[in-house]
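The values are calculated or read from the model by the stated rules, or taken from the named source; none is laboratory data. Predicted, not measured: the structure shown is a model, and the values here were computed from it. As a convention, Cβ positions derive from the backbone with ideal geometry for all residues, glycine included, and neighbour counts pool all protein chains shown. These accessible areas exclude ligands, DNA and RNA; they are computed on the full protein's heavy atoms, side chains included. Shrake-Rupley method; radii C 1.70, N 1.55, O 1.52, S 1.80 Å.
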Amino acid sequence: ERVNIQIRPYVGCLVQYLPLLWKQSEEHNMLRCAILTTLIHLVQGLGADSKNLYPFLLPVIQLSTDVSQPPHVYLLEDGLELWLVTLENSPCVTPELLRIFQNMSPLLELSSENLRTCFKIINGYIFLSSTEFLQTYAAGLCQSFYELLPEITTEGQVQVLKVVENTLKVNPVLGPQMFQRILPYVFRGVIEGERYPVVMSIYLAVMGRVLLQNASFFSSLLNEMGHEFNQEMDQLLGNVIEMWVDRMDNITQPERKKLSALALLSLLPSDNSVIQDKFCGIINISVEALHDVMTEDPETRTYKDCMLMSHHEEPKVTEDEEPPTEQDKRKKMLALKDPVHTVSLQQFIYEKLKAQQEILGEQGFQSLMETVDTEIVTQLQEFLQGF
């Protein structure tokens with residue numbers, strides 16, 4: 001625990017000793033807890049090299065987190081913690097690492113105080129190897145979530161939906177299909193105006209991902225919900241946009257604000273009267289997001305989108321900071337592909353407005369712009385200087 005990564009040269013001796021100790025302590029669960037804690041620190045110290053410990057490490061995790069085995073009563077909490085750090089430091093997925101996930105379904109049914117760690121583990125797998133993981137386990141996971149959602153606390157619902165959000169982030173094509181049963185639940189929450197701001201915020205994040213990154217799936221979802229609510233698709237879309245605009249202040253993270261703006265702007269250009277009817281709301285949200293993500297360069301007096309990331313930015317690690325885990329690196333690579341970090345909101349708005357103008361002609365576009373509050377239009381023009 002004290003020496004962290006400086007343990008690496010000495011791991012050999014420790015690693016020979018621990019399996020032996022583990023075997024001998026079969027009757028002594030408290031000693032096994034101490035071994036689990038030691039392993040947690042060891043994996044954190046070894047980082048990606050911890051993969052060499054898998055022949056010993058993975059069976060230990062398997063046993064400690066298997067609720068059908070009596071020792072889990074003592075070992076579960078530390079076992080889950082070990083499972084999590086193993087995933088966070090894993091350089092790549094192995095068949096054995098995937099196989100342990102079979103222990104998860106009964107753990108979710110327990111819905112104990114360890115649930116938060118369970119969700120972190122699920123997220124760990126999604127970041128590590130979304131395609132293989134989802135192909136193997138998504139159906140069961142979706143079923144577990146479907147049963148959990150109506151029964152768990154608000155905090156729990158947020159945890160479940162974060163997994164869905166991460167899946168959509170990592171895998172915009174497969175994600176919506178994998179969680180097909182959960183998305184109508186989210187849609188209903190948006191339409192009915194979920195009263196908890198934190199839950200509403202994540203509902204909108206999930207909807208935003210689907211709308212922005214998989215528009216064809218969004219329209220089939222809209223169609224399905226149209227039948228359920230007995231509404232025309234256009235009418236339903238209008239209601240969704242209205243609720244979105246109305247509840248924008250539930251969203252506190254700038255990333256999610258920008259996502260909402262990008263998602264709603266992606267409906268433009270459009271000659272659909274419903275979307276034109278909600279044009280003012282879409283612009284309001286976009287300008288609000290601009291205020292959140294734009295920083296002014298004091299020298300040139302121009303604005304730039306501070307959410308944009310480039311490959312060249314290497315975060316500096318100071319002496320007392322932990323070096324980034326493999327999972328941190330995976331998240332950084334993911335961010336470099338995420339529209340929130342790759343698309344300039346300023347430019348996106350400009351292009352969408354230009355395209356809308358081309359559809360409607362100068363006069364039609366002017367009358368559409370007149371539906372927007374003049375103060376908002378002024379702010380928009382300020383942000384779009386130089387385009």
### Task
Considering only protein heavy atoms, with the full assembly of protein chains and a 1.4 angstrom probe, order 28, 227, 341 by accessible area, largest first.
227, 28, 341
### Query
Which of 106, 55, 91 moves most in a GNM of the chain, Cα contacts under 10 Å?
55
## Note on the structure
Which of 169/329; 51/329; 304/332; 278/304 exceed 23 Å between C-alpha atoms? The answer is 278/304
### Task
May I ask you to evaluate 6.51 cos²θ - 1.76 cosθ + 1.60, the Karplus curve with θ = phi - 60°, for each residue of the stretch 13-25 and list the ³J(HN,Hα) values in order in whole Hz, giving x for glycine and proline?
5, 4, 5, 5, 7, 4, x, 5, 4, 4, 5, 6, 9
#### Entry: Per-pair calculated FRET efficiency, R0 = 30 Å: residue 30 and residue 1 via Cβ, rounded to 0.05
0.95
### Query
About the Cα centre of the stretch 104-252, what is the dipole size in debye to 20, counting +1 per Lys and Arg Cβ and -1 per Asp and Glu Cβ, all else neutral?
460
### Query
With every protein chain in place, what's the accessible area of residue 13 (1.4 Å probe, Å², nearest 10)?
90
### Task
Order 330, 209, 301, 8, most accessible first, counting only protein heavy atoms with a 1.4 angstrom probe.
301, 8, 330, 209
### Summary
Taking a label point 7 Å from the Cα of residue 363 along Cα-to-Cβ, the residues of the stretch 258-288 whose backbone nitrogen sits under 12 Å from it are none
### Query
Once the whole set of protein chains is in place, how much accessible area is left on residue 203, using a 1.4 Å probe, in Å² to the nearest 10?
10
### Summary
Reviewing (1) 70, 46, 45; (2) 63, 49, 46; (3) 83, 55, 30, the figure for Cα extents along the principal axes in Å actually calculated from this model sits under (3)
### Query
Which residue, 362, 288, 351, tops the fluctuation ranking in a GNM of the chain built on C-alpha contacts under 10 Å?
362
### Query
How would you classify the stretch 1-101 from its alpha-carbon gyration tensor, with a ≥ b ≥ c the square roots of the eigenvalues: rounded for a/c under 1.5, else prolate if a/b is greater than b/c, otherwise oblate?
oblate
### Query
From the Cα gyration tensor of the stretch 256-382, with a ≥ b ≥ c the square roots of its eigenvalues, which class applies: rounded if a/c is under 1.5, or else prolate if a/b is larger than b/c, or else oblate?
prolate
#### Entry: 352, 258, reordered so the largest accessible area comes first (probe 1.4 Å)
352, 258
### Message
So, taking all protein chains as they sit and a 1.4 Å probe, how much accessible area belongs to residue 257, in Å² rounded to tens?
### Response
30
### Query
Percent of accessible area on the chain owned by carbon and sulfur, 1.4 Å probe?
50
### Query
Tell me which aspartates and glutamates have Cα within less than 13 Å of residue 331's Cα, excluding those fewer than 8 residues away on the same chain?
88
### Task
Give, rounded to the nearest 20 debye, the magnitude of the charge dipole that the chain has about its Cα centre when Lys and Arg contribute +1 at Cβ and Asp and Glu contribute -1 at Cβ.
1060
### Message
Per residue, how much accessible surface does the chain expose to a 1.4 Å probe? Answer in Å², no decimals.
### Response
50
### Task
Under a 10 Å cutoff between Cα atoms, tell me which one of 231, 16, 347 has the largest fluctuation in the Gaussian network model of the chain.
16
### Task
Identify, among 214, 121, 38, the residue whose Cα sits farthest towards the positive end of the charge dipole of the chain, taking +1 on the Cβ of Lys and Arg and -1 on the Cβ of Asp and Glu, with the dipole about the Cα centre.
38
